[in-house]
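Colleague: Got a structure for you, questions after.
The values are calculated or read from the model by the stated rules, or taken from the named source; none is laboratory data. Keep in mind that this is a model prediction, so the values were computed, not measured. Because the Cβ atoms are built from the backbone with ideal geometry, glycine has one as well, and the counts that use them run over all protein chains shown.
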Amino acid sequence: MLDKMNNESFQVTGDHLSKAEKLKLMYAAIEDFEDYLGQTVQRCFSLNLLCLLFGITPTDRHNILQAFKKLAVNHKTDLSDLPKYQRAISSPGTKFLDSQEITIQFITAAANSSLPELKGLADNLLKHTKLNLQ
């Protein structure tokens with residue numbers, strides 16, 4: 001019996017699912033992985049998932065990263081730059097993103113993936129946020 005199972009190709013295609021159902025399941029699977037890895041508001045792993053959550057297009061994501069790169073050139077890690085980063089993610093189509101918490105999430109996610117030069121700023125912002133929460 002086991003030999004038969006090992007020789008047979010186990011293939012699940014999900015052809016009977018709609019595109020919307022497949023996307024929902026993929027999205028939920030990504031969230032499961034992030035939960036497993038321990039993602040929190042302070043520890044965002046995926047800039048792409050944040051963009052998905054907030055309805056940011058790939059083009060807008062690219063523009064946000066370019067703006068973050070320009071701001072990160074000076075490698076400043078002080079909190080006074082936060083409003084500049086906030087403006088970078090608050091384009092006309094994403095006005096609801098105009099919050100410090102969301103900005104910190106984006107900076108942290110970018111620092112953990114595409115822009116390691118933001119790590120110092122992300123660490124300072126998280127430290128400051130934790131102090132304010134206590």
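Colleague: Among what's in the range 60-87 and is in a helix (DSSP H, G or I), exposed (fewer than 13 other Cβ atoms within 10 Å of the Cβ) and not basic (Lys, Arg), pick the residue that is farthest from the chain's Cα centre (by Cα).
Modeller: Among those that are in a helix (DSSP H, G or I), exposed (fewer than 13 other Cβ atoms within 10 Å of the Cβ) and not basic (Lys, Arg), it is Ser80.
Colleague: Okay, moving on. Out of curiosity, is Phe10 in a loop (DSSP other than H, G, I, E, B), modelled with pLDDT under 75 and under 17 Å from Ile104 (Cβ atoms)?
Modeller: For Phe10, the condition - in a loop (DSSP other than H, G, I, E, B), modelled with pLDDT under 75 and under 17 Å from Ile104 (Cβ atoms) - is not met.
Colleague: May I pose another question? Taking the range 88-101, which residues are modelled with pLDDT under 85 and either buried (at least 17 other Cβ atoms within 10 Å of the Cβ) or not in a helix (DSSP H, G or I) (or both)?
Modeller: Ser90, Ser91, Thr94, Leu97, Asp98, Ser99
Colleague: Separate question: Give me the pairs, please: first residue somewhere in the range 102-121 and in contact (Cβ under 8 Å) with a residue 24 or more places away in the chain, second residue anywhere and basic (Lys, Arg) and outside any loop (DSSP other than H, G, I, E, B), beta-carbon distance under 7 Å, and either six or more positions apart or on two chains.
Modeller: Qualifying pairs under 7 Å: Leu115/Lys69.
Colleague: Separate question: Here's a check for you: in the range 33-59, which residue that is over 16 Å from Ile107 (Cβ atoms) and at pLDDT 85 or above is farthest from the chain's Cα centre (by Cα)?
Modeller: Thr59
Colleague: Additional query: Among the residues of the range 60-75, write down those that are more than 15 Å from Thr103 (Cβ to Cβ) and modelled with pLDDT under 90.
Modeller: The answer is Val73, Asn74, His75.
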